[in-house]
Amino acid sequence: MTLKSVQAVILAAGKSSRFKTGKTKLVEKICGQEMILYPVSLLVDLKLPVTVVVGFQKELVEKTITRQFSHDVTFVHQTEQLGTGHAIACSQSTWTRDHILIMNGDMPLINADIVKKLYERHIQKDAAISFVTAHNCDPSAAGYGRVIKASDSIEIIEAKEFKGDTSESCCINAGIYLVKRTFLEENIQDLQQSAIAQEWYITDLIKIASDKKLGVETISASFDCIRGINTFKELWAAEQIKKSEIIQHWMDHGVHFSIAHNVQIDLNVTIGTGTFIGSGAHLLTGTKVGKNCTIDAFSILKNSVIKDGASVLSHCVVSNATIEESAEVGPFAHVHEKSIIQEKAVIGNFVEVKKSTVGQESKVKHLSYIGDAKIGKRVNIGAGTITCNYNGTDKFKTIVEDDVFIGSNNTLIAPVTIKKHSFCAAGSTITKDVPEHALAIARERQTNKEGYARNLRKPKTAKESDDKEATQPFFAAFKSNDFKNNSETGI
């Protein structure tokens, strides 16, 4: 179905006062995407010209939209927020097609089927105006306008002005209208300001058309599809619905979620078949997970690529990074800032990798920091090893070539290169390049003082207990003649 005779206007000028944040609600995110982008994306996908009426914090709303749709959207400024009727009147200079589709900007769950169904009814019945309704008896829907039908009339009474019983008048206005441009041009100036709200309502067009015996048509939609967002509670409810849709989609494509309702997953995430997602995992914007992967409990992935067969164990943070085939990360690891963990490499407990590549089958298993480094293939990085990449002014690179063994508690002070097949002894501070096949040892020589531990543990007399210096035997010993010769003791 084509909608060549239709153009769209999105109303996005309101002050979002019920959010109580002082900011526009339209840039609040639902599953990783700003609220306003949901209706804009839908209409752009339907290939409709889109005009967005902006007002409150218009620069922020425009920036959010143009970041993704720089050439598809026109903006109109409503300088004063005087209601939906006034907002649509502000867009009159942009009307060029035969039918104007109007909807609110806070409708993230609306879908193409509703728009197409509305268009079909509108065209088939040659209506002056058509709109979407839903049914909801819940008190939480009290903020919606009520659709009142009689034998030969129909009107919408806004929530602020409705005096009846909402449980009996449970047909609500969704805020989606399709209007003949000729009817809109002839009647938009006839709207009357509400005495209660001091605003002009677009809903009054329904009564105008009904009173003139012009065609007014409605279609019904599920309430969950037309929910508006006016509070954080409503934002939360909408996000649960959208998240459920996303998770069900991936379940249908062979993804196993251990406790699905505990997972946070964004809109533009992809997951391959056979992958397991643990409880509390966060798969955030831009993340791509391959086939047969394991993403364990409480790990957070953001804008990262996890390739086939890779594992991210529990409580890891992986952001702007790539984990290649059959690699393993975690638990409790942090990989970020364009790092690459290559095939079958292992990043273990409490390891941070930043702006670094860790080569195939290499292991960094315990309590290490790898920053601004290039680690080759089949390298072993011992526990407690760190790359010292920053001197307070500039960053420098550490290069560890293939088949190197780095012992525990090494400090690699960049810029430095550890060449192929070499060893670095445990506890070394490496400041110079290490040649191929060499053993680097860079630590102070150990000295043992035979029997000296007895002096540290000998019983104290009562007089010694009163002596402040004697209550600190090590420091007292430090001042003794036994420690005067630094060259012998190594202190």
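Could you check, for the stretch 52-62, whether at least one of its residues is part of a strand (DSSP E or B), crowded, with 17+ Cβ neighbours inside 10 Å and out of contact with any Leu (no Cβ under 6 Å at 6 or more places or on another chain)? Write out each step before concluding.
Restricting attention to the stretch 52-62, the residues satisfying the condition of being part of a strand (DSSP E or B) are 52-54.
Next, from what is left, pick out any that are crowded, with 17+ Cβ neighbours inside 10 Å: 52-54.
Checking the rest, the ones that are also out of contact with any Leu (no Cβ under 6 Å at 6 or more places or on another chain) come to 52, 54.
The answer is yes; a qualifying residue exists.
Quick check: anything in the stretch 308-323 under 30 Å from GLY228 (Cα atoms), in the same structural domain as SER339 (by TED's automatic domain parsing) and among the small types (Gly, Ala, Ser)? Outline the logic, then answer.
First, the residues of the stretch 308-323 that are under 30 Å from GLY228 (Cα atoms): none.
No, because not a single residue in the stretch 308-323 is under 30 Å from GLY228 (Cα atoms), in the same structural domain as SER339 (by TED's automatic domain parsing) and among the small types (Gly, Ala, Ser).
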Every pair of residues 6+ apart whose Cβ atoms lie under 9 Å, when the first sits in the stretch 321-336 and is closer than 13 Å to ILE295 by Cα while the second is surrounded by 20 or more Cβ atoms within 10 Å (Cβ to Cβ) and charged (D, E, K, R):
ILE323/LYS307; SER326/LYS307; ALA327/LYS307; GLY330/ASP296; PRO331/ASP296
How do the pairs read when you match residues in the stretch 267-295 that are assigned by TED's automatic domain parsing to the domain that holds VAL329 and in contact (Cβ under 8 Å) with a residue 60 or more places away in the chain with residues anywhere that are surrounded by fewer than 23 Cβ atoms within 10 Å (Cβ to Cβ) and among the hydroxyl-bearing types (Ser, Thr, Tyr), using Cβ under 7 Å and keeping only pairs 6 or more apart or on different chains?
ASN268/THR285
Within the stretch 412-424, identify whether any single residue is part of a loop (DSSP other than H, G, I, E, B), within 38 Å of the chain's Cα centre (by Cα) and not hydrophobic (A, V, I, L, M, F, W, C), and answer yes or no.
yes
Could you look through the stretch 298-319, keep only residues that are in contact with a Leu (Cβ under 9 Å, 6 or more places away or on another chain) and of a type in the set (Val, Ile, Thr), and pick out the one that is surrounded by the most Cβ atoms within 10 Å (Cβ to Cβ)?
VAL312
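Of ILE110, ILE114, ILE88, ILE65, which residue is in a helix (DSSP H, G or I) and under 24 Å from the mean Cα position of the chain (by Cα)? Give the derivation first.
Numbers: ILE110 fails: in a helix (DSSP H, G or I); ILE114 fails: under 24 Å from the mean Cα position of the chain (by Cα); ILE88 fails: under 24 Å from the mean Cα position of the chain (by Cα).
Selected residue: ILE65, the only one of ILE110, ILE114, ILE88, ILE65 that is in a helix (DSSP H, G or I) and under 24 Å from the mean Cα position of the chain (by Cα).
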Subset of the stretch 382-399 that is out of contact with any Phe, Trp or Tyr (no Cβ under 9 Å at 6 or more places or on another chain) and either buried (at least 21 other Cβ atoms within 10 Å of the Cβ) or of a type in the set (Lys, Arg) (or both) - its residue that is modelled with the lowest pLDDT
LYS395
The one condition in (1) of a type outside the set (Lys, Arg); (2) assigned to a loop (DSSP other than H, G, I, E, B); (3) crowded, with 17+ Cβ neighbours inside 10 Å; (4) at pLDDT 95 or above that LEU235 fails to fulfil
(2)
When CYS225 is run through (1) modelled with pLDDT of 95 or more; (2) in a loop (DSSP other than H, G, I, E, B), the failure sits at (2)
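If we only count strands (runs of 3 or more DSSP E) wholly inside the stretch 295-403, which ones have 2 or more residues that are closer than 25 Å to THR429 by Cβ? So that I can check it myself, show each step before the final result.
On the way: elements: 300-302, 317-319, 334-336, 346-349, 352-354, 363-366, 369-371, 373-375, 386-388, 398-400.
Qualifying strands (runs of 3 or more DSSP E): 346-349, 352-354, 363-366, 369-371, 373-375, 386-388, 398-400.
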Filtered residues of the stretch 247-281 (kept if closer than 26 Å to SER41 by Cα, crowded, with 17+ Cβ neighbours inside 10 Å and under 14 Å from the mean Cα position of the chain (by Cα)):
VAL263, ILE265, ASP266, LEU267, VAL269
Considering only the stretch 127-136, I want to know if a residue exists there that is surrounded by fewer than 23 Cβ atoms within 10 Å (Cβ to Cβ), more than 37 Å from the chain's Cα centre (by Cα) and part of a helix (DSSP H, G or I).
no
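So, in the stretch 159-205, how many residues would count as being part of a helix (DSSP H, G or I) and either surrounded by 11 or more Cβ atoms within 10 Å (Cβ to Cβ) or touching a strand residue (DSSP E or B) at 6+ places or on another chain (Cβ under 6 Å) (or both)?
Quick first cut of the stretch 159-205, residues part of a helix (DSSP H, G or I) only: 159-161, 181-190, 204-205.
Next cut, either surrounded by 11 or more Cβ atoms within 10 Å (Cβ to Cβ) or touching a strand residue (DSSP E or B) at 6+ places or on another chain (Cβ under 6 Å) (or both) only: 159-161, 181-188, 204-205.
Here the count works out to 13.
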What's the number of the only condition in (1) in the same structural domain as GLY105 (by TED's automatic domain parsing); (2) more than 23 Å from ALA128 (Cβ to Cβ); (3) of a type outside the set (S, T, N, Q) that TYR201 fails to meet?
(2)
Of the residues GLN248, GLN198, which single one is over 23 Å from HIS122 (Cβ atoms) and at pLDDT below 95?
GLN198
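Taking GLY371, is it touching a residue at least 40 places away in the same chain (Cβ under 8 Å) and either closer than 22 Å to GLU401 by Cβ or outside the structural domain of ILE406 (by TED's automatic domain parsing) (or both)?
Values: touching a residue at least 40 places away in the same chain (Cβ under 8 Å): no; either closer than 22 Å to GLU401 by Cβ or outside the structural domain of ILE406 (by TED's automatic domain parsing) (or both): yes.
Taking the combined requirement at face value, the residue does not satisfy it.
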Counting only residues that are surrounded by fewer than 21 Cβ atoms within 10 Å (Cβ to Cβ), of a type in the set (S, T, N, Q) and closer than 18 Å to GLY384 by Cα, the stretch 343-369 contains a total of 1
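Do we have ASP106 as touching a residue at least 60 places away in the same chain (Cβ under 8 Å), of a type in the set (D, E, K, R) and touching a Ser or Thr at 6+ places or on another chain (Cβ under 6 Å) here?
Against the criterion (touching a residue at least 60 places away in the same chain (Cβ under 8 Å), of a type in the set (D, E, K, R) and touching a Ser or Thr at 6+ places or on another chain (Cβ under 6 Å)), ASP106 does not qualify.
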Given the conditions (1) under 20 Å from ALA238 (Cα atoms); (2) among the aromatic types (Phe, Trp, Tyr); (3) part of a strand (DSSP E or B), every one holds for TYR38 apart from (3)
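Examine the stretch 61-80 for a residue that is β-branched (Val, Ile, Thr) and free of Cβ contacts under 8 Å to residues at least 12 places away in the same chain, and state whether such a residue exists. Before you say what the answer is, go through the steps one by one.
First, pick out the residues of the stretch 61-80 that are β-branched (Val, Ile, Thr): 61, 64-66, 73-74, 76, 79.
From the residues that got through so far, the ones that are free of Cβ contacts under 8 Å to residues at least 12 places away in the same chain too are 66.
Checked the stretch 61-80: at least one residue is β-branched (Val, Ile, Thr) and free of Cβ contacts under 8 Å to residues at least 12 places away in the same chain.
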Checklist (1) crowded, with 21+ Cβ neighbours inside 10 Å; (2) within 22 Å of the chain's Cα centre (by Cα) applied to ILE340, failing item
(1)
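The values are calculated or read from the model by the stated rules, or taken from the named source; none is laboratory data. Being a predicted model, the structure only gives us computed values, none of them experimental. Please note: Cβ atoms are built from the backbone with ideal geometry, for glycine as well, and neighbour counts cover all protein chains shown.
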